[in-house]
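Working notes, structure below.
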There are 2 protein chains.
Amino acid sequence: MKITKEETVTLLKQNDKFAIICHSEPDGDTLGSGYALCRALQKLGKRAKVICEDKIPSNYGFFKSIIVDDDFNPEYVVSADLADESLLGEFEETYGGKIDLSIDHHISNTDYAKNTLFEAAAATAEIIYELIKLLKVEIDCEIAKSLYAGIATDTGCFRFSNTTKQSHLIAAELMNFDFNLGELNFSLFEFKSKRRIMIETAMIKRLEYYFNGKVVVTSLSKTILDMAKGEDISGISSIPRRIEGVELSITFKEQEPNIWKVSMRSNTYVNVQNICAAFDGGGHAKAAGCRIKGIFEECRDNILSEVEKHL
Amino acid sequence: MKITKEETVTLLKQNDKFAIICHSEPDGDTLGSGYALCRALQKLGKRAKVICEDKIPSNYGFFKSIIVDDDFNPEYVVSADLADESLLGEFEETYGGKIDLSIDHHISNTDYAKNTLFEAAAATAEIIYELIKLLKVEIDCEIAKSLYAGIATDTGCFRFSNTTKQSHLIAAELMNFDFNLGELNFSLFEFKSKRRIMIETAMIKRLEYYFNGKVVVTSLSKTILDMAKGEDISGISSIPRRIEGVELSITFKEQEPNIWKVSMRSNTYVNVQNICAAFDGGGHAKAAGCRIKGIFEECRDNILSEVEKHL
């Protein structure tokens, strides 16, 4: 059931022993939202903890210091930034069908929770900011840092078209707190592991241009991907799209020998969701994916035949 | 002479036929400041034009449409974002010693103009924003886009530690105008020319690590650099600094055979200005440069001997 921010605040005030779940392969928004809400609830005198199936990537390591560790059997389960229960990962067995409250900004939210607070904000952290205001919890440096990390992550540090006036106004308020912005943004956006450098170089070496340079194809072998951690390949499919003259980029990632995860990104007019649908995939108009089996050259040619219809 | 914003506004109101000079190798802040001020003066009924020694890089091409072209003999010369007259480039002959007003945020401004409005803002565009408010010119979509481009450029799209609460508050106001934020930021920050990709790959191939990986050295030959336009190498020296474990990056650019421009970037504790000073160079604590002559390996070893004293 969809509920309002005010109703959400009532539920948060009425309940205790909160487990706040972040999605698998966690990013700055799910973690920033989860940790900020957890700390706010603790400041209200409630017991709360953040849980996540996956290990927190090393560039988000600072989140751990933001809350007081607490262990208890949860009585009220909140998901932060989870569009679908499949993003619970291995927690799906324990928590599937048992989420009391979903706080989310994904329009694709599948309404899996007893109650859902959905707002079309740039980041779930913006919704958490509003809730913390309504809960009358004073924002402190740790909450500010968490909320900032969430908003910055999902707006590409205020770069993407989803960034709103409200994103900047919240950021302006959070700047009152001395959380070392430069260092935080370096770890969120600039830091590159040596493996990341190696993988980017491998991708670039394998660039192939088609249709007068409007389409670029690249691939990453299983050997290379097996060396990578999540943070080494996060957002990697968006890199070839940035090249001069490219409208559509296609990245083949070899998951098993001859099984390819294909990620497509477009810049302006090509709807990649429609292309991926022809291979039983899906996603959004400018970012979609599918799976395909076979040797690379054949898979690539199959995909390119479909692409040609959509250029 | 240092003057206040209010005194600057009086000068702008009293004068006419403005030439607004942007610095050589123009970036988003000098262009955004220059074009926003020019349009604001034109909206006050004054004649004004923007001049720049160098061609405007293609990813800043949109600036040209922001003002009405006008040609006249200037009576009042303003420089926007120019710390020193040497940045006039070939205009130094014509305008050296003749700048009436310098509007700038560089603390290193050499006070070369008759009057200087200096503020320690994140971007000169933030100062221009204040002036436009005081001039009571209504901000429109074109001015908003120019100011945004200036602030976004110099703050690394709100990423760098120079970003302030004020930067976000101004951005929030500029977001009231519909200037296609996503497209603008793509052209400012994401677009990569094919030459840029080639140059980045060449840089990465030549990475050498020293002092347990704390120092990384790379080099670009004259052959490669001769193929590049300004936009292909802009900010390129900051790339190796982003690698895991690196404190200090050193990029050698071959300007003439065996004449190297050396760019140093540090992350936290090394003062690169002090290292470069030993080679008659200069700059800031975390970004500095110098020139050195000789074959690469010798120059590199000379620099590394000096670096060792500062680690």
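The values are calculated or read from the model by the stated rules, or taken from the named source; none is laboratory data. Nothing here was measured: the structure is a model prediction, and the numbers come from that model. Reconstructed Cβ throughout: ideal geometry from the backbone, glycine too, with neighbour counts over all protein chains shown. Side chains included, ligands, DNA and RNA excluded: accessible areas come from the protein's heavy atoms. Shrake-Rupley method; radii C 1.70, N 1.55, O 1.52, S 1.80 Å.
Quick notes on this one:
- Dimensions of the stretch B:1-94 along the principal axes, based on C-alpha atoms and rounded to the nearest Å, stand at 34, 29, 24, largest first.
- Left without a cysteine partner by the 4.7 Å Cβ rule in the protein assembly as shown: A:CYS38, A:CYS141, A:CYS157, A:CYS299, B:CYS38, B:CYS141, B:CYS157, B:CYS299.
- In terms of overall dimensions, the C-alpha atoms belonging to the stretch B:260-311 reach 30, 19, 15 Å along their principal axes, ordered largest to smallest.
- Over all other residues within a Cβ to Cβ distance under 9 Å of B:LYS5, the charged ones net out to -4, with Lys and Arg as +1 and Asp and Glu as -1.
- Atom-type composition of the exposed protein surface of chain A places 47 percent of the accessible area on carbon and sulfur (1.4 angstrom probe).
- Solvent-accessible ranking of B:LYS133, A:LYS192, B:LYS98, largest area first, probe 1.4 Å: B:LYS98, B:LYS133, A:LYS192
- When B:MET203, B:MET198, A:MET1 are compared by accessible surface with a 1.4 Å probe, the order from highest to lowest is A:MET1, B:MET198, B:MET203.
- Cα gyration tensor shape for the stretch B:45-146, rounded if a/c is under 1.5, else prolate or oblate: rounded
- Per-residue accessible area (protein heavy atoms, 1.4 Å probe) orders B:SER24, A:SER86 as A:SER86, B:SER24, starting from the largest.
- The accessible area of B:LYS261, taken with all protein chains in place and a 1.4 Å probe, comes to roughly 80 Å².
- Per residue accessible area in Å² of the stretch A:150-195, where ligands, DNA and RNA are left out and the probe is 1.4 Å: 37 Å²
- Per-residue SASA entry for A:HIS284, accessible area with 1.4 Å probe, Å² rounded to 10: 120 Å²
- Simple spin-label estimate for B:LEU311 and B:LYS55 in nanometres, 7 Å along Cα-Cβ: 4.3 nm
- Computed from the Cα positions only, the extents of chain B along the three principal axes stand at 60, 40, 35 Å, in decreasing order.
- Take each residue in B:188-199, count the other chain C-beta atoms within 10 Å of its C-beta, and the mean is 4.
- Here the stretch B:194-310 carries DSSP beta bridges of which approximately 75% are antiparallel, counting only pairs with both residues inside.
- P(r) of the protein assembly as shown over all Cα-Cα pairs, binned every 20 Å from zero, in whole percent: 18, 48, 31, 4
- Using a 1.4 angstrom probe on protein heavy atoms only, the contact between A and B buries about 3700 square angstrom of accessible area, both sides summed.
- Beta bridge orientation in chain B: antiparallel %, DSSP, nearest 5: 45 percent
- Expressed per residue, the C-alpha convex hull volume of the stretch A:194-310 stands at 95 Å³.
- For the pair the stretch B:250-311 and the stretch A:148-218, the centres of their Cα atoms are 29 angstrom apart.
- Chain A: calculated mean residue ellipticity at 222 nm from DSSP helix runs of at least 4, using -39500 (n - 2.57): -10500 deg cm²/dmol
- Considering only the protein assembly as shown, percent of DSSP beta bridges that pair antiparallel, nearest 5: 45 percent
- In the protein assembly as shown, taking the dipole from charged Cβ atoms about the Cα centre, the farthest positive-side position among B:HIS23, B:LEU174, A:PRO257 is held by A:PRO257.
- Overall form of the stretch A:5-189 per C-alpha gyration tensor (a/c, 1.5; a/b vs b/c): rounded
- Spin-label model distance (nm) - A:SER234 vs A:LYS17, 7 Å beyond Cα toward Cβ: 3.3 nm
- The mean count of C-beta atoms from other chains within 10 Å of the C-beta of residues in B:243-255, rounded to a whole number, is 2.
- Cβ-vector label at 7 Å, B:GLY245, separations to other copies in nm: 3.8
- 10 Å Cβ neighbours from other chains, averaged over peptide B:145-157: 2
- Within a Gaussian network of chain A (alpha carbon springs, distance under 10 Å), most fluctuating of A:ASP16, A:ASP301, A:ASP111: A:ASP301
- Heavy atoms of A:VAL68 accessible to a 1.4 Å probe, total area in Å² rounded to 10: 100 Å²
- The length gained by stretching the chain between B:ARG195 and B:ASN176 to full extension, at 0.36 nm per residue less their Cα-Cα distance, is 3.3 nm.
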